[in-house]
Every structure is written in C-alpha cells, then in structure tokens.
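Let me begin by presenting the structure, written as structure tokens, before commenting on it.
Values in this text are rule-based calculations from the coordinates and carry no lab data. Bear in mind that the values here come from a model prediction, so they are computed numbers and not experimental data. Cβ atoms come from the backbone with ideal geometry, glycine included; neighbour counts cover every protein chain shown.
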Amino acid sequence: MSRDWSDAGRVVRIGPRSAVVLGLASLAGLMMFVWPLLVRVEPQSMQHGPDAPFIFLGILPVLIVIVLAELSEGGMDAKALALLGVLSAVNAALRPLGAGVAGIETVFFLLVLAGRVFGAGFGFVLGCTSLFASALLTAGVGPWLPFQMLCSAWIGMGAGLLPRRVTGKAEIAMLVGYGIFVAYVFGFLMNLWFWPFITGAEVDYYDGHISYVPGAPVLDNLHRFAVFTLLTSTAGWDTGRAITNTVAILVIGPAVLSTLRRASRKASHGVLPTFGDIGSPAPAKSSR
C-alpha cells in the first residue's frame, strides 16, 4: 500500500512574504533573459561578460531575503538549513561526474527530488546554492553562472509546486515527465541568455536566417531563436540531459525520495512545541 505523502512531503512551506519574494525574484530573473528581445541591442562577443558580476551581486541579496523570510515565517529552521548545505554539497560533488558532456548532467535529478520533498522555497534556494557550489568546485565561474543559478532555482521551485496528491508509481512517472520537460526548458533559456549577443549564428546545414536581428519584431526574433535552439541544442545537449534525468529518477528516484522523506520526519520540520500554562499543576498519575 502506498503512503500518502501529500501533507508530509511539504516540510518547508511558502508563506505570504516568501511567495511575494519568490514571485518578484522570478519576474526579475525572467527579464534578465528576455530584455534583448524587447529593446534594440547590437550583437557583440560576450556582451554579458561585463555585467554578469553585477547580476550575480543582485541575486545574492534576493537569496538572503528568501532565507530570512522563510526563517521568520517558520518555514525554514536550522535543520532545514543544514539539509540545504548537505544537499548543495552532494549536488556539487555529483555534477563533475557528467560535466555536461553530450548533455549528461547529474545535478538536476536530485534537485527535482529534493524540491518535490522539501517544497518550492527550499527547491528555489537549493537550485542556486547547488550551481554556485558546483561552479566553485569545477572552476565553472563565468558570465553564464547567474543564469544557470536562476534556471536551476526555477527547476527546484517547480518540483515543489507539482501536485501533492500523486503518489507511488504515478509520482515517479510525473517526476520523470517533469525531468524531461525541464531538461529542454533549461537548454532553451541557457541558449537565450547569449543568443542575441553572438554574431554569425548561421549554420551550414540550414539555409534560413537564425541570428538575432536588432529592432526586429519580438515574434520574428523568437522564431529565429527557436530554430537556432532546435538546430544547435535540442537534439543533442537537451536530449542527453532529458535521458539522464529519466534514467536517474527511474533507477534511484524511489530510494532517494524515501531517504529524503525519512530525513524530514526525523528532523520534525514544521512541528511546533506546545507548552502548558506556567504554574499549572501536572496531572496526577494514577496509582494503578
């Protein structure tokens, strides 16, 4: 008999303040990706290189606000922060195993499973800290890092927002489908952050125009970008990432979910102690 984890799984809840902060952070992050489509910019090599440190400095205070908001609302306690540190370290250690070769990314399946168990707020922060830690470990710090952190944060947050009533084999199937979906979304967004700023995006095996055109209508540029992504990323890197997520969730997903849920029960997240009135006499014990 499968156990109902609809309530037990959500160990880190999002309160009103946290929801507002997460929404604003996500909206600001989305604008980081799409603003070149809304204004006219001139393509040039590594346009994001100089401004990436400022974007990164802007993300860090948002993360701090999220953590403080969760702490103040009782959604994230010291035990949750300890779990956050452990899972970030594990994810950072897992990432070099694939290193993104042929799209093999070993960092996302644990992010999906942890977001599923510990909630959207926890998943958002874990996505950022995991990618930051792994970048330091693999010397992968560069102008792409803030964008990777945001994409991973959305993946963890989305996993926490999946329907809670789905359990058993249906839950694994749902997580597999989600893992496949986010594999392609991650590739789409990570292509979008640099595509408007590169020159000569055309490829020999396609006759059409797939480079960013400054000042062109948004839909036209989106069409060019969609073709660019399909030709350069979808069939290779993104599909490899989707296969990795699928295999990992199917093979070790049930065991990892069970372990994470056992850890959450032992940590007793969200259980507040109750105290009797001061000075009230203790109930007398029966002599029998």
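Given the peptides 78-91, 153-166, arrange them by the average over their residues of other C-beta atoms within 10 Å, most packed first.
Values: 78-91: 17.1, 153-166: 20.6.
The most tightly packed comes first, giving 153-166, 78-91.
Just the C-alpha atoms of region 171-249: what Rg/Rh do they give, with Rh taken as the Kirkwood radius? The partial results should precede the final answer.
Numbers: Rg = 14.6 Å, Rh = 13.6 Å.
Here Rg/Rh amounts to 1.07.
Sort 177-189, 111-123, 209-221 by packing, meaning the average of other beta carbons within 10 Å per residue, with the highest value first. Could you put the intermediate results ahead of the total?
On the way: 177-189: 19.5, 111-123: 27.5, 209-221: 13.8.
Listed from highest to lowest mean packing, they are 111-123, 177-189, 209-221.
So if I restrict to the alpha-carbon atoms in region 120-166, what is the Rg, and what is Dmax, the biggest pairwise distance, in Å?
Rg, Dmax (Cα atoms, Å): 12.0, 40.
At what distance in nm do the modelled label points of VAL218 and VAL251 sit from each other, each positioned 7 Å from its Cα along Cα→Cβ?
Each label point is offset 7 Å from its Cα along the Cβ direction, giving 4.2 nm.
Taking every eigenvalue of the Cα gyration tensor of region 153-195, multiplying by 5 and rooting it, what semi-axes result, largest first, whole Å? Kindly include the intermediate steps, with their values, before the conclusion.
Details: eigenvalues 128, 23, 4 Å².
Here the semi-axes work out to 25, 11, 5 Å.
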